[in-house]
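Everything on this sheet refers to the single structure shown next.
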Amino acid sequence: MKKTTKFLTMALTAVLAVCTLTACGGDSAKGNVITFGTNPEFPPFEYVTSNGVLGEFDGIDMAIAQRIGADNGMEVKMESMEFDSLLVALQNGQIDAVIAGMTATDERKETVDFSTPYYTATQVMIVKEDSDIATAADMADKKICVIQGYTGEVCVQDMGYTYEAFKKGTEAVMELVNGKCDVVVLDSATAQKYVGDNEGLKIVEDASAFESEEYAIAVQKGNTELLDKINASIEKMLADGTINDLAVKYTEEATAE
Ligand code: GLN
């Protein structure tokens with residue numbers, strides 16, 4: 001009898017350990033599942049790969065989401081959708097949270113609540129190596145490409161420039177590579193990845209024109225129960241260097257490819 005109890009305890013512990021490690025599926029109670037939404041077109045934060053940290057998804061954000069689940073004993077589900085649809089899906093309750101390299105802007109704060117920020121970025125300009133663009137003001141008479149719904153689009157709009165908006169970062173960068181546009185305005189780490197992937201491009205920064213941006217996880221307004229869990233996990237990962245290590249790891253992977 002005693003032996004059986006001990007065996008059961010050991011077996012149960014083993015099952016729990018596996019579940020925590022892999023954030024495994026099964027018939028978990030709904031309350032024990034956290035469904036994130038992302039747009040996996042934003043390396044090194046989220047992209048699709050054959051063997052990712054969360055199924056087909058990999059990147060800094062995906063590793064962070066996986067740890068948030070593990071820290072709280074919750075199963076993590078990841079839903080892929082257009083960047084533009086993420087906040088709508090969150091408000092509809094289709095997803096519980098958004099993790100998508102999303103900048104916590106004042107405008108977005110009107111409709112959703114954001115976690116403690118976990119990454120600081122800025123908009124940069126990707127141009128051809130021989131471009132004469134040296135500042136944001138130099139974009140005035142150039143053909144500008146942005147990605148629809150990104151903060152880069154808002155920046156260019158606020159500067160009063162005309163631009164063309166693309167659905168994906170890769171599409172905008174292809175326009176630049178093919179000489180159909182002169183500059184792509186995009187978040188720094190993602191821009192770095194595209195410059196590493198394509199010959200003949202460089203990054204131009206203009207700190208006086210582009211403010212720094214903070215990435216955070218969005219939840220429905222007033223969902224403090226989930227936000228508290230997410231924040232505790234993020235704060236732990238910021239304090240023990242996990243997020244920094246992930247940023248270094250995925251940035252190196254991104255440039256090594
Ligand atoms: N940081 C930018 C924004 O919030 C881009 C994010 C993204 O494409 N995933 O708009």
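The values are calculated or read from the model by the stated rules, or taken from the named source; none is laboratory data. This structure is a prediction, so every number in the text was calculated from the model and none was measured. Note that we place each Cβ from the backbone using ideal geometry, even for glycine, and neighbour counts take in every protein chain shown. Heads up: the accessible areas ignore ligands, DNA and RNA and are worked out on the full protein's heavy atoms, side chains in. Shrake-Rupley method; radii C 1.70, N 1.55, O 1.52, S 1.80 Å.
All conditions but one from (1) open to solvent by 60 Å² or more (accessible area, probe 1.4 Å); (2) of a type in the set (K, R); (3) within 16 Å of the ligand (Cβ to nearest atom) apply to K193; the one that does not is (1). Within the range 65-85, is there a residue that is more than 20 Å from A121 (Cβ to Cβ), within 13 Å of the ligand (Cβ to nearest atom) and assigned to a strand (DSSP E or B)? Yes, the range 65-85 has at least one match.
Got at least one residue in the range 165-172 being under 15 Å from I203 (Cα atoms), within 16 Å of the ligand (Cβ to nearest atom) and assigned to a helix (DSSP H, G or I)?
Among the residues of the range 165-172, at least one is under 15 Å from I203 (Cα atoms), within 16 Å of the ligand (Cβ to nearest atom) and assigned to a helix (DSSP H, G or I), which makes the answer yes.
Of the residues that make up the range 200-216, is at least one within 13 Å of the ligand (Cβ to nearest atom), within 21 Å of T38 (Cα to Cα) and either open to solvent by 80 Å² or more (accessible area, probe 1.4 Å) or of a type in the set (D, E, K, R) (or both)? Yes: one or more hits.
Listed by position, the strands (runs of 3 or more DSSP E) enclosed by the range 104-158 that each have at least 1 residues that are more than 27 Å from E175 (Cβ to Cβ) and open to solvent by 50 Å² or more (accessible area, probe 1.4 Å) are 119-128. A Cβ distance below 8 Å, combined with a sequence gap of six or more or placement on separate chains, defines the contacts here; from the range 199-214, residues that are closer than 25 Å to D61 by Cα reach residues that are acidic (D, E) and not in a loop (DSSP other than H, G, I, E, B) in the pairs E213/D187. When residues in the range 48-59 are screened for being out of contact with any helix residue (DSSP H, G or I) (no Cβ under 9 Å at 6 or more places or on another chain) and within 16 Å of the ligand (Cβ to nearest atom), 1 of them pass. Selection within the range 220-239: residues that are out of contact with any Leu (no Cβ under 9 Å at 6 or more places or on another chain) and of a type in the set (A, V, I, L, M, F, W, C). The member of this set that is nearest to V33 (Cα to Cα) is L226. Looking for something within 16 Å of the ligand (Cβ to nearest atom), without any contact (Cβ under 8 Å) to a residue 60 or more places away in the chain and in a strand (DSSP E or B) - is there at least one such residue anywhere in the range 38-47? Yes, that holds for at least one residue.
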